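The structure appears below as structure tokens.
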Amino acid sequence: MTARSLHFLLTLALVASVLIAALAIVFAIALPLLNEPLLTTWSVSIDSDQPLALANAMPNTAWTIEQNQGTLSVDTTAIGLGLSRALYILVLWGIIVAIIWYLRRVVDDVRHERPFNVRSSQYLKRAGYLLVALPLWLFIEEFVRFYIFVPNAMDISEYKFTHIQLLTESKAEVAIYPDFNIGILIAGLFVLVIAKAFEIGMELQRDSDEII
């Protein structure tokens with residue numbers, strides 16, 4: 001793939017990411033305003049064949065456990081939670097848009113046959129740091145979202161650092177294990193290595209220019 005083609009694809013990805021983020025934010029805010037439920041789900045690990053009920057749960061709460069699917073679902077029409085979801089979307093897609101933007105600028109320098117410069121190196125570093133931060137943010141966000149969205153979350157769960165243990169009446173093992181995307185982390189570290197290579201290339205090019 002040529003640098004021109006890659007630059008075009010990154011431009012399309014940038015535009016698509018901005019549109020997706022904008023639409024998601026609008027929906028997150030609009031649904032509660034229209035009194036429509038805003039659905040939030042978590043993957044749940046269930047070690048039980050029996051019907052489940054959460055201990056210390058308040059009656060008429062808006063969450064359900066789909067045992068066959070292994071999901072915990074929460075429906076809410078609270079505008080405050082809608083704004084919270086919009087903020088999460090803004091941060092998540094802001095990171096994604098920034099990564100695409102930085103990589104697009106680097107490819108633009110390659111397209112113009114001047115990649116070894118301070119700007120390209122800095123853009124690669126920023127993209128790499130954001131890629132490393134992205135899986136960490138997604139991991140932490142699972143915990144934060146649970147304790148914000150789930151009614152009386154402190155009464156029906158125990159925080160275990162690596163997961164959330166749900167308290168059930170039958171003492172069944174039910175837990176939420178946030179996903180940690182090691183692939184994105186490795187990609188971020190790889191981009192940081194490339195940024196270092198760009199710095200070395202920039203120094204070699206400068207030394208070559210001084211000799212000439």
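Can you give me the long-range amide H partners of Leu38? Hydrogens built in the peptide plane at 1.01 Å from N, cutoff under 5 Å, separation of 5 or more residues or another chain.
Hits under the 5 Å cutoff: Thr76, Thr77.
Quick one: grab the alpha carbon gyration tensor of segment 91-193, order the square roots of its eigenvalues as a ≥ b ≥ c, and give me rounded if a/c is under 1.5, else prolate or oblate depending on whether a/b is larger than b/c.
The shape class here is prolate.
Bear in mind that the values in this text are calculations on the coordinates, not laboratory data. Quick caveat, the model's predicted, so the values are computed rather than measured.
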